[in-house]
Amino acid sequence: MVIHDLIAQFEAWANPAWQEKWDNCGWQIEPGILEQAAGVLVCLTPTLAVMEEAIALKSQGQPINLIFAHHPLIFGGLQSVQRGDAIGEMVHLAMAQGIGVYSAHTNFDQVADGTADVLAQLLGLQDCRPVEATQGGLGYGRVGNLSPALGLAQLLAKIQAQLNPPELIYSPVADLGQTIERVAVLGGSGASYLGAVCQTGAQVYLTADCKFHQFQEARDRNLILVDPGHYASERPACARLVERFQAQGIAWARLSQADEDFRWFRARA
């Protein structure tokens, strides 16, 4: 399958027109590769580390010509592209090496098997629906039921096992044995959806990048907030994208091993 067809199929599923106004989905760098057979390296964030990984793979004879990222490389406000800065170097290397960069962000968040849907599946949530609907049964976040219900300590252990974050941060609670039946999830920075989550009847909300006062607000609204980190909450959906591309007949599709978490904790004594 050539890259043009791969992108057309993806956009028929996760339309870039669904992106938020502040977002920048779609081509970030397209160095004239649309008619080439697709060789795809999937990542969460298109950094220089991922580009260097792609170049190294290409030098080893791997047919890579596309970095497919969740996060955009370029947001609004970019006024120049210069050698020596991160975006400038990405553009230079992409053009020189013939490796494109494409991003699917808030459009990918909304769809079946997108960032929230994959989290819900990993936790085994049943009867899921969006936390905030957008169009056609799609939307941001998912809320569903655990069957069977779990104690909070069991649920936290399951999240740790499935997402493997450096450390889970969660609301202080009196009873880790309390029974949890209804859970909401939203990959990435989802604390702004606290109000919508509280309307769903969820007892636990799994999301990332939560601040002090958001933990306080969640406690005051009888909601247990669980934060595994941005990377851990969205990396599983990137892995699922690799599976999707392989099922579509892409001969070479791989998950990046150079994707950077940016969230590490010193080991406790």
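Where a number appears in this text, it was derived from the coordinates with a stated rule and is not lab data. Keep in mind it's a predicted model, so treat the numbers as computed, not measured. Because the Cβ atoms are built from the backbone with ideal geometry, glycine has one as well, and the counts that use them run over all protein chains shown.
Suppose a student asked you for the relative contact order of region 3-108, using Cα pairs under 8 Å spaced at least 6 residues apart; what percent would you report?
This gives 41 percent for region 3-108.
Ordered by packing density, taken as the mean number of other Cβ atoms within 10 Å over each peptide's residues, highest first, how do 239-245, 72-78 rank? Show your work: numbers first, answer last.
Numbers: 239-245: 17.9, 72-78: 13.9.
Output ranking for 239-245, 72-78: 239-245, 72-78.
Ranked from highest to lowest mean number of other Cβ atoms within 10 Å per residue, what is the order of the peptides 252-261, 205-214?
Per-residue mean Cβ counts within 10 Å order the peptides as 205-214, 252-261.
Identify which of the listed values of Kirkwood radius over Cα pairs in Å was calculated from the structure shown: (1) 20.3; (2) 18.5; (3) 19.5.
(3)
List the aspartates and glutamates whose Cα sits under 15 Å from the Cα of Lys211, skipping any in the same chain fewer than 8 residues away.
Asp220, Asp227
For the pair Ala17 and Ala161, how long in nm is the line joining their label points, each one 7 Å along Cα→Cβ?
For the pair Ala17/Ala161, the computed spacing is 4.4 nm.
Using only the alpha-carbon atoms, how far is helix 3-13 inclined from the longest principal axis of the chain? Give it as 0 to 90 degrees, nearest 10.
30
Find, among the GluC sites (Glu not before Pro) in region 1-101, those assigned to loop by DSSP (not H, G, I, E, B) with at most 11 other beta-carbon atoms within 10 angstrom.
Glu35
Quick check: residue separation of Asp113 and Phe262 times 0.36 nm, minus the Cα distance between them. What number comes out in nm? Could the numbers behind the result be given before it?
Details: separation 149, 0.36 × 149 = 53.64 nm, distance 2.48 nm.
That pair, Asp113 and Phe262, stretches by 51.2 nm at full extension.
Over region 163-228, what is the relative contact order in whole percent, taking alpha-carbon pairs under 8 Å and six or more residues apart?
Once divided by the residue count of region 163-228, the mean separation gives 41 percent.
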